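The values are calculated or read from the model by the stated rules, or taken from the named source; none is laboratory data. Predicted, not measured: the structure shown is a model, and the values here were computed from it. Don't worry about glycine lacking a Cβ; one is built from the backbone with ideal geometry, like all the others, and counts go over all protein chains shown.
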């Protein structure tokens with residue numbers, strides 16, 4: 001991940017974190033829970049992966065720390081919230097477009113495979 005390169009491919013962890021932050025600011029635990037929810041339980045991000053990725057994402061300008069505040073649903077502990085930046089939104093959009101293109105190719109190949117199976 002290079003700073004100011006929103007068109008560079010993203011790792012799966014970074015993609016999931018950006019998706020989790022695309023709708024609202026979240027603290028680390030909130031990001032982990034949102035990733036798990038978004039993936040319907042298929043992706044469980046541990047603290048090492050999460051905070052390692054967050055550090056690199058901040059360095060790359062994809063996200064930034066927001067204000068520290070109390071999360072009434074958790075406890076009285078002050079938590080650091082993270083928010084997606086403009087560069088992060090551009091990177092997310094570019095990655096989602098790459099996925100759309102990949103799915104389109106896969107669909108064409110599947111159609112081609114089905115066509116040849118029927119002698120068309």
Practice problem: Assess whether residue 22 counts as being modelled with pLDDT of 95 or more and more than 14 Å from residue 63 (Cβ to Cβ). | Solution: no
Quiz item: Of the residues in the stretch 39-50, how many are outside any loop (DSSP other than H, G, I, E, B) and closer than 12 Å to residue 12 by Cβ?
Solution: 1
Self-check item: Output for the stretch 19-38, where each listed residue is part of a helix (DSSP H, G or I) and in contact (Cβ under 8 Å) with a residue 40 or more places away in the chain
Solution: 19, 21, 28, 29, 30, 31
Quiz prompt | Residue match in the stretch 62-80 (condition: modelled with pLDDT of 95 or more, under 14 Å from the mean Cα position of the chain (by Cα), part of a loop (DSSP other than H, G, I, E, B) and surrounded by 13 or more Cβ atoms within 10 Å (Cβ to Cβ)) | solution = yes
Practice problem: Only residues that are at negative phi and either free of Cβ contacts under 8 Å to residues at least 24 places away in the same chain or in contact with a strand residue (DSSP E or B) (Cβ under 6 Å, 6 or more places away or on another chain) (or both): list them for the stretch 39-57, please. | Solution: 39, 42, 44, 46, 47, 48, 51, 52, 55, 57
